[in-house]
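Novice: Sharing a structure, written as structure tokens. Questions coming.
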Amino acid sequence: MKILVLNGPNLNLLGQREPETYGRATLPEIETLARDTAKRLGADLDFRQTNHEGELVGWIQGARGTADAIVINAAAFTHTSIALRDAIAAIGVPTIEIHLSNVHARESFRHHSTISAVCRGVIAGFGAHSYVLGIQAAVNIIVTRC
Ligand code: CA2
């Protein structure tokens, strides 16, 4: 059971600025939390971050046949990227959209996601725990096959 966790632009800055919005955990600390969660649930985790949209597209394409589910925090690309949406739609790997913050309680430009419609579900607003919930949802999809 393999889960690919993808992180988009600027998430490498977590813990350094805007703790009131994104919490105090750094991305390496979130990775440790995610790995502990996956291990407890019997899943293998591949955890990655990039600031480049094309790299995310390549990683999503590469998940076909190699990952059982994707958990993605596409960060700002969530609100702009048709390329990510098309890649997720193309590969047929169940994908869960996650966010640290409650994007619906923030600026209106964060209310729209280009990827939600091609994801199995959306988790937002629980800080680092959104990653735990995303991995739990991914395992549930894989184990129940639905
Ligand atoms: O709440 C989330 O997880 C977001 O995906 C985070 C993105 C934002 O553009 C989305 O609307 C919601 C921003 C990630 C950048 O994180 C920073 C961390 C520290 C300092 C500055 C940015």
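Novice: Would you mind listing how long the chain runs along its three principal axes, going by Cα atoms, in whole Å with the largest first?
Specialist: 36, 33, 24
Novice: Using 7 Å Cα-to-Cβ label points, what is the residue 83/residue 20 separation (nm, one decimal)?
Specialist: With each label placed 7 Å out from Cα toward Cβ, I get 3.4 nm.
Novice: Order 131, 22, most accessible first, counting only protein heavy atoms with a 1.4 angstrom probe.
Specialist: My answer, sorted largest first, is 22, 131.
Novice: Please work out the ratio of the alpha-carbon Rg of the stretch 62-146 to 2.2 N^0.38 Å and round it to two decimals.
Specialist: 1.05
Novice: Keeping all protein chains in place, calculate the accessible area per residue for the chain (probe 1.4 angstrom), answer in Å².
Specialist: Here the per-residue accessible area is 50 Å².
Novice: Could I ask something else about it? Ignoring any ligand, DNA or RNA, what whole percent of the accessible area of the chain comes from carbon and sulfur when the probe is 1.4 angstrom?
Specialist: 50
Novice: So how much accessible area does residue 108 have, in Å² to the nearest 10, using a 1.4 Å probe?
Specialist: 90
Novice: A further question on this structure: Sorted by accessible area with a 1.4 angstrom probe, largest first, how do 20, 55 fall?
Specialist: Largest accessible area first, the list is 20, 55.
Novice: Hey, another quick one. Taking a label point 7 Å from the Cα of residue 13 along the Cα→Cβ vector, which residues of the stretch 72-87 have an amide N closer than 12 Å to it?
Specialist: Correct set: 76.
Novice: Now for a separate question. How do 116, 101 rank by accessible surface area computed with a 1.4 Å probe, from largest to smallest?
Specialist: Listed by decreasing accessible area, they come as 116, 101.
The values are calculated or read from the model by the stated rules, or taken from the named source; none is laboratory data. No experiment lies behind these values; they were computed from the predicted model shown. We place every Cβ from the backbone using ideal geometry, glycine too, and count neighbours over all the protein chains shown. For accessibility, only protein heavy atoms count, side chains too; no ligands or nucleic acids. Shrake-Rupley method; radii C 1.70, N 1.55, O 1.52, S 1.80 Å.
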